[in-house]
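Peer 1: My questions will all concern the structure given below.
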């Protein structure tokens with residue numbers, strides 16, 4: 001049985017593997033670990049930026065607050 005932490009770690013490893021394959025496909029050479037980590041970080045930031053603001057706006061509309069964005 002996997003714990004939530006193990007599940008999160010598995011998802012992160014899978015995403016990093018997909019990122020590595022995509023970088024290799026685009027550049028034609030194997031990416032270094034730092035490049036994979038950089039893209040992984042940017043992917044998380046973009047995910048939060050796009051979906052986080054969407055979620056906040058949805059919650060504010062439910063509560064009758066003015067939308068910030």
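The values are calculated or read from the model by the stated rules, or taken from the named source; none is laboratory data. From a predicted model like this one, the values you see are computed outputs, not experimental measurements. Glycine also receives a Cβ, built like all others from the backbone with ideal geometry; neighbour counts cover every protein chain displayed.
Peer 1: Given (1) part of a helix (DSSP H, G or I); (2) in contact with a helix residue (DSSP H, G or I) (Cβ under 7 Å, 6 or more places away or on another chain), where does residue 31 come up short, assuming only one miss?
Peer 2: Residue 31 satisfies all of (1) part of a helix (DSSP H, G or I); (2) in contact with a helix residue (DSSP H, G or I) (Cβ under 7 Å, 6 or more places away or on another chain) except (1).
Peer 1: Moving on to the next point. Do any residues in the stretch 3-28 that are under 16 Å from residue 44 (Cα atoms) have Cβ atoms under 7 Å from those of residues that are part of a helix (DSSP H, G or I) and modelled with pLDDT of 95 or more, where the two are at least six apart or on different chains, and which pairs are they?
Peer 2: Taking only residues 6 or more apart or on different chains, the pairs are 15/40; 16/36; 16/40; 19/36; 19/39; 19/40; 20/36.
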